[in-house]
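Remarks on the structure that follows.
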Amino acid sequence: DVLQMQPVVAIKQHWIWLQDYIWTRAPETKDRMDHVALLEEDHIVTPDYLNLLTALIALKKTTCSTCWGVTVRWACMRDDDTDVRKLCRSHSVINTGIAFDRTTYDAIKASDFEAFGDGWDWSL
């Protein structure tokens, strides 16, 4: 039902407004081509977050040319995993500090992203 989706669509509209601001109006980022990390106001990052993010971006550039972004999160581990440095590829987005570059932003804007009445994370 469209009425039930209105809060989700409002969040999506806010998200795309925020992206437009970051990539086209904010003095600190409007000319930036490289990745920008998006964090919620209640997210707390570990002291090594920027180091991990930098390493993941480098890894993406060399091993995953079709990946559009990265996220630093505890997401692909299972209870029986012992490798705490494990990397995983996800086919979904969860709101845990994603980072992407201007190429991805431009692709989102050129797509029909805003035409779908769903959540921003579902459309990505």
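Of the candidates TRP17, TRP23, the single residue that is part of a helix (DSSP H, G or I), surrounded by fewer than 12 Cβ atoms within 10 Å (Cβ to Cβ) and modelled with pLDDT of 90 or more is TRP17. Just one of (1) surrounded by fewer than 11 Cβ atoms within 10 Å (Cβ to Cβ); (2) over 20 Å from GLY119 (Cα atoms) fails for ARG32. It is (1). Residues being open to solvent by 60 Å² or more (accessible area, probe 1.4 Å), modelled with pLDDT of 80 or more and under 20 Å from TRP15 (Cβ atoms) are entirely absent from region 69-84. The residue pairs whose first member lies in region 48-69 and is within 21 Å of ASP106 (Cα to Cα), whose second member is loosely packed, with under 11 Cβ neighbours inside 10 Å, and whose beta carbons are closer than 6 Å, counting only pairs six or more residues apart or on different chains, do not exist in this structure.
The values are calculated or read from the model by the stated rules, or taken from the named source; none is laboratory data. Note that the structure is a prediction, hence the values are computed from the model and not measured. So basically every Cβ, Gly included, is an ideal-geometry build from the backbone, and we count neighbours across all protein chains shown. The area values use the complete protein model at the heavy-atom level, side chains included, leaving out ligands, DNA and RNA. Shrake-Rupley method; radii C 1.70, N 1.55, O 1.52, S 1.80 Å.
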